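The next block holds one structure in the form of structure tokens; read it before the comments.
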Amino acid sequence: MARTDPPVPDVLAAVDLGSNSFHMVVARYSHGQLAIVDRLRETVRLGSGLDEQDRLSREATARALQCLERFGQRLHDMQAKRVRVVGTNTLRKAKRKGAFLERAREALGHPIEIISGVEEARLIYQGVAYTTPSEGGHRLVVDIGGGSTELIIGEGLTPKRLDSLYMGCVGMSQEYFGDGVITEKRMKRARTTAQLELEPAAARFRRSEWDTAFGASGTMRAVSDLLLARGAPNGNITRDGVEWLLGECLRAGETSKLKLPGLAPDRQEILPGGLAILVEVVDMLGIDNLRVADGALREGLLYDLLGRLTDEDARVRSVRAMEARYHVDTAQADRVEATAQAFLRQVRDAWKLDEPLAELALRWAARLHEAGLDIAHSHYHRHGAYVLQHADMPGFAREEQQLLAAIVGAHRRKLNLETLEDLLPPWHLKAEFLIVLLRLAVLLNRGRGPRALPQIDLKARGRALDLEFPRGWLAEHPLTAADLEQEVEYLRAAGFRLRAT
């Protein structure tokens, strides 16, 4: 009997491409538990590599690729079988990043997802929740990253409120302390910027909404180390401690003169910006004591990846939630999903759709293709596509949502493939095949009846597809035959040849 792979591989890894640093964590899975076996961190300063047009500089690109080559070699050596890699604020913001992502994928050996700020917040909470003791009550988590700041309130392992603010230690330091000079006037301006960004979110995260507070990631860890060296119990962050640190920065006057015990050299340049954000977070949210958690985004990625491998995929929960929210006819979704899956199995090899995401995206699109009906029947496929592209869908990377929206938006009427050009490779090419399969599955289930479809054989060759029905079936179903004739014309206009016999 052929050996089958275990449902969860022995070694998993997560890579976080942050605006300041790149992190990698490798874990071994044994007896239902994850044990961290290796960590790597390199300061890349990707966020400081964006020019005025939000394009990555050659220098930043080179630093990033060199780091990823080293990470890729370690992943290969440690035989990590499943790896999840995500990009955050800088890659969300960067323009014309397709070429970089392709080179990064080659260097690392794994594809890179770009996640939304809200998804980043969800994963950060997962990382904190799984690595800190459960004390009951509601927990506030604050993560000041290089390009964004995440605020989360959760209970147990479940996040309840999520927000991602457009400010981080790298961006704030560049804007107000870029030449290394620290003055009271500059610090006041930086703090005012932080106040303005925090103001809309402050009411949702005020002190009465949570019981304990935790900080996560680099800025929090750096401040905790500095306060620990000063004698703060367990390195906990307090308002007095932050004010002392602000005073030390102003007394130094320049980032190069910051020589505090516990301050790593690569933190000197970005500490003032991080402090400007932190002091306002502490003030405006009423935080008396902030404990620093061991886990953050990369640990959250690990546990989320483990969930995907053990039938706890957050994306599945999001799809089910969207079905309920938009009153999807689940019986019809079941029929379309089953037909689309059957078709995919027949053309998977010919159309090179063997990536796991191909089947997942097709199944999710089948389940949500009628979501737009809850808005309006006219152009409902476009309404559904808009919702799927712009809604917060926990577990989904940005590109996954764009792919899902593209498939749903093209599942009926005239087929416009120009919209696929914005998808990242290889989906800008492969999405059109998934669209064809969904269109046919929807068409053949248009009657919405409980009677099962007959065996339909598909043969694919390039951009040609033959459908073979049982003898006489099409003659007995003239409406379906007429729909197929119209579909032949729709697909011909898009460069496909469809034949049904």
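The values are calculated or read from the model by the stated rules, or taken from the named source; none is laboratory data. All values reported here derive from a predicted model rather than from experimental measurement. Every residue, glycine as well, gets a Cβ built from its backbone with ideal geometry; the counts of neighbours run over all protein chains shown. Only protein heavy atoms, including side chains, enter the accessible area calculation; ligands, DNA and RNA are left aside. Shrake-Rupley method; radii C 1.70, N 1.55, O 1.52, S 1.80 Å.
Here are some notes:
- Descending by average beta-carbon neighbour count within 10 Å, the peptides 460-471, 144-155 line up as 144-155, 460-471, the highest first.
- Ordered by 1.4 Å accessible area with all protein chains kept, E113, E280 run largest first as E113, E280.
- Spatial offset of region 213-247 relative to region 37-113 amounts to 29 Å, using the alpha carbon center of each.
- Under 19 Å, Cα to Cα: Lys pairs in the chain, sequence gap 8 or more or different chains: 5
- Accessible surface ranking that places the most exposed of V83, V279 first, with a 1.4 angstrom probe: V83, V279
- In order along region 126-143, the Karplus-derived 3J(HN,Hα) couplings, from 6.51 cos²θ - 1.76 cosθ + 1.60 at θ = phi - 60°, round to 4, x, 6, 5, 7, 10, 10, x, 7, 10, x, x, 9, 10, 9, 10, 10, 10 Hz, and Gly and Pro are given as x.
- Taking the Cα centre of region 350-501 as reference, the dipole from Cβ charges on Lys and Arg (+1) and Asp and Glu (-1) amounts to some 400 debye.
- Size descriptor, Kirkwood hydrodynamic radius, that averages inverse alpha-carbon separations across region 148-204, Å: 12.8
- Label point at L260 placed 7 Å out along Cα→Cβ; residues across region 198-230 whose backbone nitrogen lies under 15 Å: 218-230
- Using heavy atoms of the protein chains and a probe of 1.4 Å, the accessible area assigned to L415 is about 20 Å².
- Accessible surface for V316 stands near 60 Å², nearest 10, in the context of the full protein assembly shown (1.4 Å probe).
- Rounded to whole Å, sorted largest first: equivalent-ellipsoid semi-axes of region 208-267, Cα gyration tensor: 22, 12, 11
- 1.4 Å probe accessible area per residue over the chain, in Å²: 46
- By the Stokes-Einstein formula, at 0.890 mPa s and 25 °C, the chain with its Kirkwood radius over alpha-carbon pairs has D equal to 99 µm²/s.
- Estimated FRET transfer efficiency when R0 is 25 angstrom, pair Q53-H379 (beta carbons, to 0.05): 0.15
- For the pair Q455 and D288 in one chain, pulling the backbone fully straight at 0.36 nm per residue adds 53.5 nm over the alpha carbon distance.
- From its DSSP helices (H runs of at least four residues, each -39,500 (n - 2.57)), the chain gives a residue-normalised ellipticity at 222 nm of -15000 deg cm²/dmol.
- Solvent accessible area, Å² - R105, 1.4 Å probe, full protein context: 90
- Placing unit charges on the Cβ atoms only, positive for Lys and Arg and negative for Asp and Glu, gives region 66-145 a dipole magnitude near 300 debye about its Cα centre.
- Largest first, the residues E199, E359 sort by 1.4 Å accessible area into E199, E359.
- Counting protein heavy atoms only, the chain has 48 percent of its accessible area on carbon and sulfur, 1.4 angstrom probe.
- Against the chain, whose longest principal axis is taken from its Cα atoms, helix 380-390 shows a tilt of about 20°.
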